[in-house]
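Just below is one structure, and these are the notes that go with it.
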Amino acid sequence: MYQGDAGAAPGGIGPPALTPDSLPALPRSERGWSWWLGSAITLAVLAAALMQLAKVDLWRVAAIVPSSPGFWLVFALAYLAGPLGDYVIFRRLWQIPAAGFFALLRKLIGNELITGYVGDLYFYTWARQRTTMVAAPFGAVKDVAILSAMAANVVTLLLMLLAYPLIGQLKLGIDPQAVVASVALMLVISSGVLLFRKKLFSLPPADLRYVTFVQMLRVVGSLVLSGWCWALALPTEPLEIWILLSAMRMLLSRLPFLPNKDVVFAALAVFMIGQDAAVGALMTMMASLLLVTHLVLGLLLVGGEAAGWRRK
């Protein structure tokens with residue numbers, strides 16, 4: 001279906017490494033729809049960040065976050081796991097420069113602050129503007145997004161299987177049938193992707209295997225690091241609670257058009273585990289901390305991009 005649109009070299013063979021200086025922006029007269037769309041997404045992220053910032057009590061968040069350096073180190077690694085995984089992938093596919101990592105950060109923030117896949121659309125427009133790097137980026141961006149969703153589905157299914165016996169033991173009032181229905185839906189989606197894989201994917205098989213491997217590492221690494229953050233903040237809580245909360249968080253992450261998933265997850269966690277005030281407070285704090293991190297980085301990145309607009 002999209003054969004020949006990937007713009008990626010098979011097996012890691014590609015053009016020589018590029019530097020940010022070798023990727024100049026298009027002249028104003030040559031700026032097409034991709035530049036305007038990317039700029040519109042950037043402005044949308046700025047607007048969303050400012051709207052969300054008005055709702056956050058920064059002093060309250062600062063007062064409740066742990067002061068342990070270990071917590072902050074693990075939190076930073078958990079936050080950056082997604083962009084780092086994507087950078088490793090696109091470094092192989094396109095030999096993107098270090099500047100591409102900041103575009104991938106904007107991809108993450110766009111997906112989280114606005115809605116799912118808006119960030120992917122931004123990254124596509126970013127690549128479109130650098131035709132010396134990749135002539136037709138749609139196929140690779142599409143394949144990476146699909147494989148990311150597939151990796152997350154697999155990990156979510158495994159977590160749901162681990163968490164299912166805990167639902168009854170912890171007496172949280174969760175309907176087991178809803179869990180079974182969620183698992184069945186993910187199985188149907190994953191089976192459909194596998195069934196039509198020859199028509200869906202554009203990258204060579206070797207690259208698809210590589211992307212799948214990195215995406216699995218990214219999802220598992222992010223999950224383990226997030227759980228480690230929780231455990232560092234509340235070391236006395238049992239492992240069963242973290243397994244169940246991880247399964248809930250992964251399940252919510254599979255809803256593509258739900259913005260601020262961590263805020264929704266915190267509210268759901270407080271509702272489900274209301275008898276444990278410490279866990280509820282931790283989930284609310286983590287959601288606020290993630291939101292503040294998105295906002296601060298989003299504003300910094302948008303400010304840097306706006307400075308680039310003025311120079312051009």
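Couple of notes before you dig in:
- Each residue in region 132-144 was checked for being surrounded by fewer than 18 Cβ atoms within 10 Å (Cβ to Cβ) and among the aliphatic types (A, V, I, L, M), and 2 pass.
- One residue from Arg31, Arg106, Arg92 being closer than 17 Å to Val302 by Cα and either among the charged types (D, E, K, R) or at pLDDT 85 or above (or both): Arg106
- Residue match in region 181-195 (condition: at pLDDT 75 or above and over 21 Å from the mean Cα position of the chain (by Cα)): no
- Considering residues of region 213-223 that are surrounded by 16 or more Cβ atoms within 10 Å (Cβ to Cβ) and of a type outside the set (Lys, Arg) only, the residue farthest from Asp86 (Cα to Cα): Leu223
- So Gly173, is it modelled with pLDDT under 90 and on the phi > 0 side of the Ramachandran plot: yes
- Only residues that are closer than 19 Å to Leu225 by Cα and surrounded by 22 or more Cβ atoms within 10 Å (Cβ to Cβ) were counted across region 84-104, and they come to 2.
- Close pairs (6 angstrom Cβ cut-off, 6 or more residues apart or separate chains): in contact (Cβ under 8 Å) with a residue 24 or more places away in the chain and on the phi > 0 side of the Ramachandran plot in region 71-100, surrounded by fewer than 22 Cβ atoms within 10 Å (Cβ to Cβ) and not in a helix (DSSP H, G or I) anywhere: Gln95/Gly14; Gln95/Pro15; Gln95/Ala17
- From Leu157, Leu80, Leu161, residue being more than 25 Å from Ala206 (Cα to Cα), assigned to a helix (DSSP H, G or I) and at pLDDT 90 or above: Leu80
- The set of residues from region 112-142 being over 22 Å from Leu200 (Cα atoms) and modelled with pLDDT under 85 comprises Glu112, Leu113, Ile114, Thr115, Gln129, Arg130, Thr131, Thr132, Met133.
The values are calculated or read from the model by the stated rules, or taken from the named source; none is laboratory data. Note that this is a predicted model, so its numbers are computed, not measured. FYI the Cβ positions are ideal-geometry reconstructions off the backbone, even for glycines, and counts take in every protein chain you see.
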